[in-house]
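Notes to accompany the following structure.
The values are calculated or read from the model by the stated rules, or taken from the named source; none is laboratory data. Just so it is clear, the structure is predicted and the values come from calculations on it, not from any experiment. Note that each Cβ is placed from the backbone with ideal geometry, even for glycine, and that neighbours are counted across all protein chains shown. Just so you know, the surface numbers come from the protein's heavy atoms only, side chains and all, with ligands and any DNA or RNA stripped out. Shrake-Rupley method; radii C 1.70, N 1.55, O 1.52, S 1.80 Å.
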Amino acid sequence: MNPLKPTMEGVSLKAELEEQQKKEDQKKLNAIIAKADFRSVLQNGTIKKACKLNLPNKLDGASITWKSSNTAVISNNGTVKLPKKDTIVILTATFTYGKATGSKNLKVTVKKEASTAVQAKKVTLNVKKSSITLGKKEKVTLKATVSPSKASQKVTWKSSKPKIVLVSSKGVITARATGAAKITATAANGKKATITVKVKNAPKKVKLNATTKTLKRNKTFQIKASTTGSTASYQFKYSSSKKSVATVSSTGKVKAKKKGKATITVKAYNGRKATLKITVK
């Protein structure tokens, strides 16, 4: 018999010893895994800032390798990037001790990235009054300003009663039926501004605080327009027949320019109108 050739008994004994060693290694490894505590390394399971985790590669004689279930958030080497929303990542620690292997799964919640956007503190409307009155079918554009100016100027518009007053995504309100509704402009963080919109019937007649007026050059006169009965027109348009003689602003302020005569026409939203005759001396 060749003395260099192992006997069957020798091979069997070697295998038995290896198996025994493996069991002993596994027993020791199980104990290592059982007491392995990575809470401090993993920030008690909740990570709020981008960082580099100090993932250990050895523990009590066992080597450790790491694998992440989401490498875009936590890489296999422990680099943390904050996600757009709260994300749970499973880190798997694989232990090797001698011929034994084992693993441990650790759940980590990575909090979403904090917003760096400037937050709204106040929303104001271009209409200073707490309520306005429109006539049926009248349209008015509301504008919302978010403060501070560096905050997003985007707002969401909503009507409490769309069947009475409808509001578009751009703040255009339309009076649909008599009654009242609240229109609200809300910023992304919940800051809001509200206005009450009342609706009356469309006007049949426009009244002015004067039908004739004599002014000296450079003097002014403020027109006050109104409607009759239970009607309304929030908007009035003003025009002058002779701007060289008298001009009129968008708010109805007349200014005398030179000697002559001019007619100021005031129109409600539905075309009803009244006139004021101006004589400049």
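Of a type in the set (S, T, N, Q) and either open to solvent by less than 40 Å² (accessible area, probe 1.4 Å) or on the phi > 0 side of the Ramachandran plot (or both) - does that describe any residue in region 48-57?
Of the residues in region 48-57, the ones of a type in the set (S, T, N, Q) are 54, 57.
Cutting the leftovers down to either open to solvent by less than 40 Å² (accessible area, probe 1.4 Å) or on the phi > 0 side of the Ramachandran plot (or both) gives us none.
No, region 48-57 has no match at all.
Does Lys52 fit the bill of being within 60 Å of the chain's Cα centre (by Cα), modelled with pLDDT of 95 or more and under 30 Å from Glu113 (Cβ atoms)?
On the way: within 60 Å of the chain's Cα centre (by Cα): yes; modelled with pLDDT of 95 or more: yes; under 30 Å from Glu113 (Cβ atoms): yes.
Yes: the conditions hold for Lys52.
What is the residue count in region 189-221 for residues that are of a type outside the set (A, V, I, L, M, F, W, C), in a strand (DSSP E or B) and over 43 Å from the mean Cα position of the chain (by Cα)? Can you show your working first?
We begin by selecting, within region 189-221, every residue of a type outside the set (A, V, I, L, M, F, W, C); these are 189-192, 194, 196, 198, 200-201, 203-205, 207, 209, 211-214, 216-220.
Filter once more, so that each one left must be in a strand (DSSP E or B): 192, 194, 196, 198, 200-201, 207, 212-214, 220.
If we keep only those that are over 43 Å from the mean Cα position of the chain (by Cα) too, we end up with 207, 212-214, 220.
Going through region 189-221 one residue at a time, the tally reaches 5.
Which of the residues spanning region 58-77 are of a type in the set (Gly, Ala, Ser) and crowded, with 17+ Cβ neighbours inside 10 Å? Please lay out each step first, then the result.
Restricting attention to region 58-77, the residues satisfying the condition of being of a type in the set (Gly, Ala, Ser) are 61-63, 68-69, 72, 75.
Ala62, Ser68 - these are the residues of region 58-77 that are of a type in the set (Gly, Ala, Ser) and crowded, with 17+ Cβ neighbours inside 10 Å.
Does region 134-151 contain at least one residue that is more than 39 Å from the chain's Cα centre (by Cα) and under 30 Å from Ala262 (Cα atoms)?
Step one: filter region 134-151 for residues more than 39 Å from the chain's Cα centre (by Cα), giving none.
So far as region 134-151 goes, no, none of its residues is more than 39 Å from the chain's Cα centre (by Cα) and under 30 Å from Ala262 (Cα atoms).
Scanning region 10-49 for residues that are of a type in the set (S, T, N, Q) and within 60 Å of the chain's Cα centre (by Cα), which turns out nearest to Ala93 (Cα to Cα)?
Only one residue fits best here, namely Asn30.
Can you say whether Lys163 is at negative phi, modelled with pLDDT of 95 or more and outside any strand (DSSP E or B), as far as the supplied structure shows? Let's see the steps before the verdict.
Working: at negative phi: yes; modelled with pLDDT of 95 or more: yes; outside any strand (DSSP E or B): yes.
Here the answer is yes, as Lys163 does meet what is asked.
Taking interchain pairs and intrachain pairs at least six residues apart, which have beta carbon atoms under 8 angstrom, with the first residue in region 221-242 and over 21 Å from Thr174 (Cα atoms) and the second of a type in the set (Phe, Trp, Tyr) and in a strand (DSSP E or B)?
Ile223/Tyr238; Ala225/Phe236
Of Thr156, Thr141, Thr194, which residue is within 27 Å of Gly252 (Cβ to Cβ) and surrounded by fewer than 18 Cβ atoms within 10 Å (Cβ to Cβ)? Working first, answer last.
On the way: Thr156 fails: within 27 Å of Gly252 (Cβ to Cβ); Thr194 fails: within 27 Å of Gly252 (Cβ to Cβ).
Result of the check over Thr156, Thr141, Thr194: Thr141.
Given the conditions (1) closer than 30 Å to Glu19 by Cβ; (2) over 37 Å from the mean Cα position of the chain (by Cα), which single one is not true for Lys67?
(2)
Quick one: what pairs do we get from region 49-66, first residue in contact (Cβ under 8 Å) with a residue 12 or more places away in the chain and farther than 14 Å from Ala100 by Cβ, second among the aromatic types (Phe, Trp, Tyr) and open to solvent by less than 70 Å² (accessible area, probe 1.4 Å), C-beta under 6 Å, 6+ apart or different chains?
Leu55/Trp66
Please state which one of Lys111, Lys85, Lys81, Lys99 is within 26 Å of the chain's Cα centre (by Cα), open to solvent by 60 Å² or more (accessible area, probe 1.4 Å) and touching a residue at least 40 places away in the same chain (Cβ under 8 Å).
The match here is Lys111.
Assigned to a loop (DSSP other than H, G, I, E, B) and aromatic (Phe, Trp, Tyr) - does that describe any residue in region 236-244?
Quick first cut of region 236-244, residues assigned to a loop (DSSP other than H, G, I, E, B) only: 241-244.
Keeping just the survivors that are aromatic (Phe, Trp, Tyr) gives none.
No, region 236-244 contains no residue that is assigned to a loop (DSSP other than H, G, I, E, B) and aromatic (Phe, Trp, Tyr).
If we keep just the residues of region 255-281 that are of a type in the set (Val, Ile, Thr), more than 44 Å from the chain's Cα centre (by Cα) and buried (at least 19 other Cβ atoms within 10 Å of the Cβ), which is farthest from Ala175 (Cα to Cα)?
Keep residues of region 255-281 that are of a type in the set (Val, Ile, Thr), which gives 263-266, 275, 278-280.
If we keep only those that are more than 44 Å from the chain's Cα centre (by Cα) too, we end up with 263-265, 275, 278-280.
Keeping just the survivors that are buried (at least 19 other Cβ atoms within 10 Å of the Cβ) gives 264, 278, 280.
Details: Ile264: 28, Ile278: 34, Val280: 40 Å.
The selected residue is Val280.
May I ask you to say which residue of Ser63, Ser12 is small (Gly, Ala, Ser) and at pLDDT below 95?
On the way: Ser63 fails: at pLDDT below 95.
Answer to the selection: Ser12.
Which members of region 112-126 meet the condition of being at pLDDT 95 or above and either of a type in the set (D, E, K, R) or closer than 30 Å to Gly229 by Cα (or both)?
Lys121, Lys122, Leu125, Asn126
Just one of the numbered conditions (1) assigned to a strand (DSSP E or B); (2) over 25 Å from the mean Cα position of the chain (by Cα) is not true of Thr186; which one?
Checking Thr186 against (1) assigned to a strand (DSSP E or B); (2) over 25 Å from the mean Cα position of the chain (by Cα), the one that fails is (2).
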